[in-house]
Each structure stands twice: as structure tokens, then as C-alpha cells.
Amino acid sequence: MIIPDEIQARDDYKACASFHGHTCMGLTLGYLAAKLAMQHLEERRALDEELVCITETDACCCDAIQVLTGCTFGKGNLIYRDIGKMAFTFASRSSGVGVRLAMRPAVMNVPERERLLAEKIRAREATSQEISEYEELHQKRSSSLFDQGPAAFFSLQEISLEMPAKARIAPSILCDGCREPVMITKLQDMDGQQVCRTCRDISDRNNGGK
Ligand SMILES: [Zn+2]
Ligand SMILES: [Zn+2]
């Protein structure tokens, strides 16, 4: 997909790109999702309270989400669920009212001819005529999507959910294995010893290898 110059010239997009380290389609999708969600929540005046984002992917897009929405891993209001979908839920911490955005299948939908040409180009079998035909098709598809705005990329559904409790910071004690301080709530029991996850994994691996 070709990211329009108009978007790349925006200050808030530049802030996302500088945080992320490069410009890419993933970042751009996160940018569009955040813009769409924030606009919707602003209209509903749901932004006064602390916003929480549940992301179903941990790809490039999350960096734009963090910059634009202020939901960050460090603050504990960006929650990662390993689902593997380009989908994000934004909700108020106190009320649980918010929206879920999910990438529309159409974004992935590459028409037959364009796909065929792309394959030929990848295999270095395309003529210069086919290359320009591909570029034209690709450009057209990109700009027709971008021209429709963020809603062409994401569906938006209002939701109300039970919010996960705020991440607590628990005291740390030493792991019986490696003797490094570890949050007490993260310790695991291993034959009566209280060990960290890493020590537990190492032990499991060693036992499994026997
Ligand atoms: Zn990226
Ligand atoms: Zn340990």
C-alpha cells in the first residue's frame, strides 16, 4: 500500500514515525485506527476518563497507538492480548464503555490481476509494461482506500466491557533459583521452591530433555 504524502506530512504522523523509527503500512494502520477511535470517543465525550487500549496484535501499529492515544505499556493502559488480529479496543477505565476497531477484510483483498503481476515481479519475470501496469493498479487501490478515510480500513463497534484491574505493583523478593528480585505475584512454585518464570522454564526444558 502506498502511504499518501498528505498523511506523511502531518505532524502527528511524523511523531509516530519518529517514535517507531521508520514509516510503514503497519504504523499507518495503527495511526488510522487511533485517529478513528479518538474521533469517535471525542464525539461521545468519552475521553475525560482514563482510556485503556486492548490490542490484539503486538506489531508496528502499536507504536502509533501509544503516541496518539497515550495508552502505553509503561502506564499499564495498553494491554496486549495475543490474538493475532489487527484489532483494538478503546474503553474508559471506569465505565468500560468504548469501541472495538477491527481491520476490514477488504484491506487484505488484492484483486487477481494485481496479485498475479506482483508474483511475476517478485519472480523477476515481469516485463516493464507489466511493472507499470502493476504500479498503476496498486496506486489506484491504495488511493481509493485512503481517499475514503480511516473508516475504509476499520470497522467500528461500540462495546461495553468489564475492565481488567489496574496492574498492581507488588513487592519483590529473591527467586530461590537465580537470586534476582522478582515481583512476588509472579513467582511460581517448583518442588516447594519459589522461583521466577525463567528458572521454571529452564528447569522444564532440562527435565524435558532427559
Ligand atoms: Zn514498522
Ligand atoms: Zn530465577
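Nothing in this text is a laboratory measurement; each read-out follows from the coordinates by a stated rule. The shown structure was predicted, so the numbers you read here are calculated from the model rather than taken from an experiment. Don't worry about glycine lacking a Cβ; one is built from the backbone with ideal geometry, like all the others, and counts go over all protein chains shown.
Results, tabulated for the structure shown:
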quantity: Cα coordinate range in the chain, projected on the principal axes (Å, largest first); calculated: 70, 53, 29
quantity: Most mobile listed residue (I65, I131, I169) in the chain, GNM with C-alpha springs under 10 Å; calculated: I169
quantity: Sparse-neighbourhood loop sites, chymotrypsin sites (Phe, Trp or Tyr not before Pro) in the stretch 1-99 - DSSP loop, at most 15 other Cβ within 10 angstrom; calculated: F73
quantity: Length added when fully stretched, C178-S142, from 0.36 nm per residue minus Cα-Cα; calculated: 7.7 nm
quantity: Computed over the stretch 1-110, Kirkwood Rh from alpha-carbon pairs, angstrom; calculated: 14.1
quantity: K186 versus N109: modelled label distance in nm, points set 7 Å from Cα along the beta carbon direction; calculated: 4.4
quantity: Value in Å of the Kirkwood radius, where the stretch 144-201 supplies the Cα pairs that are averaged; calculated: 15.3
quantity: Sequence-distant aspartates and glutamates (8 or more away, or on other chains) whose Cα lies within less than 17 Å of K85; calculated: E56, D58, D63
quantity: Selection from A37, F73, A87 lying farthest towards where the dipole of the chain points positive, charges on Cβ; calculated: F73
quantity: Relative contact order (percent, whole number), the chain, Cα cutoff 8 Å, 6+ residue spacing; calculated: 17
quantity: GNM top mover of C61, C196, C71 - the chain, alpha-carbon springs below 10 Å; calculated: C196
quantity: Alpha-carbon spread of the stretch 78-153, three principal axes, descending order, Å; calculated: 59, 27, 17
quantity: Selection of GluC sites (Glu not before Pro), the stretch 78-163, meeting DSSP coil and at most 14 other Cβ within 10 Å; calculated: E125, E162
quantity: MRE, 222 nm, helices only [DSSP H, n ≥ 4, -39500 (n - 2.57), over the chain, to nearest 500]; calculated: -12500 deg cm²/dmol
quantity: Magnitude of the charge dipole, the chain, Cβ model with Lys/Arg +1 and Asp/Glu -1, debye to 20; calculated: 480
quantity: Most fluctuating residue given options R197, R141, R44, as computed from a GNM of the chain linking Cα atoms under 10 Å; calculated: R197
quantity: Cβ charges +1 (Lys, Arg) and -1 (Asp, Glu), total dipole of the stretch 83-148, debye; calculated: 520
